[in-house]
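Take a look at the structure below.
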Amino acid sequence: MSQRRRTGALALAALVLLVGGCTEAGGGVRGTPGAAGLRDPLFPKLGNGGYDVGHYGLTLAYDPASGRLDGTAEITARATQDLSAFNLDLAGLTVRGATVDGAPAAYNRAGNELTIRPRDELPEGKEFKATVTYTGVPEPLTDADGSKEGWLRTAGGAVAVGEPAGSMTWFPGNHHPSDKASYDLALTVPAGLDALSNGVRTARRTEKDGRVTTVWHVPEPMASYLATVAIGRYETGTATALGSVPVLTAAEAPVAAGSAALRAEVPELLARQVKRFGPYPFSAAGALVTEDGVLDYALETQTRPIFPAGSFERTTLLHEQAHQWFGDSVTPGTWRDIWLNEGFATYAEWLYSEEYEHVPARTHFERAFAQDANWAFPPAAPPTAANLFDPPVYQRGAMVLYKLRETVGDRVFDEILRGWPAKYRHANATTDDFTAYAESVAGRDLDGLWDVWLYGDEKPSKP
Ligand code: TRP
Ligand code: ZN
């Protein structure tokens, strides 16, 4: 994650190369190519092996009229094996050039894999910077469940959403949730348009040609599926949450007035969740609201969840805010662990309803129990990529948490809800990590609970 000034090192490396030629001549490494996928149980080709990204520096320019995106991605990573070549995930677009530590690198495209072969092999442990320059009109992806994600054109701009794989449509990277990194993003758009993203806005400047560049900084680790961009005519509002967290909300002009009242509730709703889930994990907060008709679901994009106007209501806002703890800070180790996101965010809705609408969590649990759609598969095992966002992930996921609460009691359960995001803050976690953690707090084995509610195929005879 460390960002150092590398100019001196680069100049020195260039000198060494000029004088000494290939570093391998001195009995150097014999690297092999990094894996083209991380063997995710549901998305085997997603992500890449052999390196770990610490930081993405993205410099993008977008022209809404033509839909063309020009980008440079500077990826700072560390080799986790002796590497002769490594892959980045990238869908569509045209690569114009690649360098590794300043030296031109060979590259090749095959499907969504961009292979980069550095001039000099990268020994295990070495930190390196890969730069990819690219251009083109980004095309969204259609998911196995038919939904659209990636770079989506709007009437006057674009929005980018990336769960589970869409971020590869607008920048090359290690697009698996297990490789989180900090980000800097500079976005240049025509004057008169806003260019919003995650994190803190650190600069805004007008270029010589009149276009406007906005710079965003995300210091905390972020999974690439949580990166977002919103370009268009937005109205923005600012506030402070939790005493010191800057809040920026934005809504496309036609939906700005209609969303203003709920946008103003962002700080208060976050404060409610802090009481349940512990300290807010990020240094910025907010919400992005787009006109309907482009995005057909809300997404928990880090620090600044994004909503189509039609789904910008309090329950959904709470759901996406809960994901800041469950999903964004504690990120699933694989996509099979998705219930750790959706089950918790759904449970957060039940908690809110219990406290403020006086509908007991037990009632939500019984309603969910009664619905056949929730019993299609166990929450810990969505069978295919097409089932990632199916009802069992959300509802049976929340039912697991309700049964845990019933089993260990309110006090221990509250400790688990707060302790889990503290223990895995800014990290990744799996279902096994969760069951082990819950058992450690409860001080006992809970196999009976997990067997039936988390892994069981059969609907129990009674709730
Ligand atoms: N994770 C989103 C949520 O907050 C939902 C989501 C993301 C989704 N991508 C999707 C739902 C694709 C359906 C299809 O619940
Ligand atoms: Zn969700």
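No value in this document is a laboratory result; all are computed from the given coordinates. Here the structure is a predicted model, which means the values were calculated and not measured. As a convention, Cβ positions derive from the backbone with ideal geometry for all residues, glycine included, and neighbour counts pool all protein chains shown.
What ³J(HN,Hα) values, in whole Hz, does the Karplus curve 6.51 cos²θ - 1.76 cosθ + 1.60 give for the stretch 366-375 when θ = phi - 60°, with x put for Gly and Pro?
5, 4, 5, 4, 6, 8, 4, 4, 6, 9
Any idea what the relative contact order of the chain is, in percent, if you count C-alpha pairs under 8 Å spaced at least 6 apart?
Once divided by the residue count of the chain, the mean separation gives 11 percent.
Mind sorting 289, 294 by how few other Cβ atoms lie within 10 Å of their own Cβ, fewest first?
The order, fewest Cβ neighbours first, is 294, 289.
To the nearest µm²/s, what D does Stokes-Einstein give for the chain at 10 °C and 1.306 mPa s, using the Kirkwood radius over alpha carbon pairs as Rh?
Answer from the Stokes-Einstein relation: 69 µm²/s.
Which whole-number percentage describes the relative contact order of the stretch 38-113, with Cα contacts under 8 Å and a sequence gap of 6 or more?
Relative CO of the stretch 38-113 lands at 26 percent.
What ³J(HN,Hα) values, in whole Hz, does the Karplus curve 6.51 cos²θ - 1.76 cosθ + 1.60 give for the stretch 405-418 when θ = phi - 60°, with x put for Gly and Pro?
4, 4, 6, 9, x, 4, 5, 5, 4, 4, 5, 5, 4, 8
Across the stretch 151-165, in residue order, what do the Karplus-derived ³J(HN,Hα) couplings come to in whole Hz, using 6.51 cos²θ - 1.76 cosθ + 1.60 with θ = phi - 60° and x for Gly and Pro?
So the J values, rounded to whole Hz, are 8, 10, 6, 10, 4, x, x, 6, 10, 10, 9, x, 9, x, 10.
Taking the beta-carbon count within 10 Å as an exposure proxy, list 113, 163 from fewest neighbours to most.
The order, fewest Cβ neighbours first, is 113, 163.
How large is the Kirkwood hydrodynamic radius of the stretch 152-240, counting all unique pairs of alpha carbons, in Å?
13.9
Over the Cα atoms of the stretch 159-311, each weighted equally, I'd like the Debye log10 I(q)/I(0) at q = 0.12, 0.18 Å⁻¹, rounded to two decimals.
-0.50, -1.16
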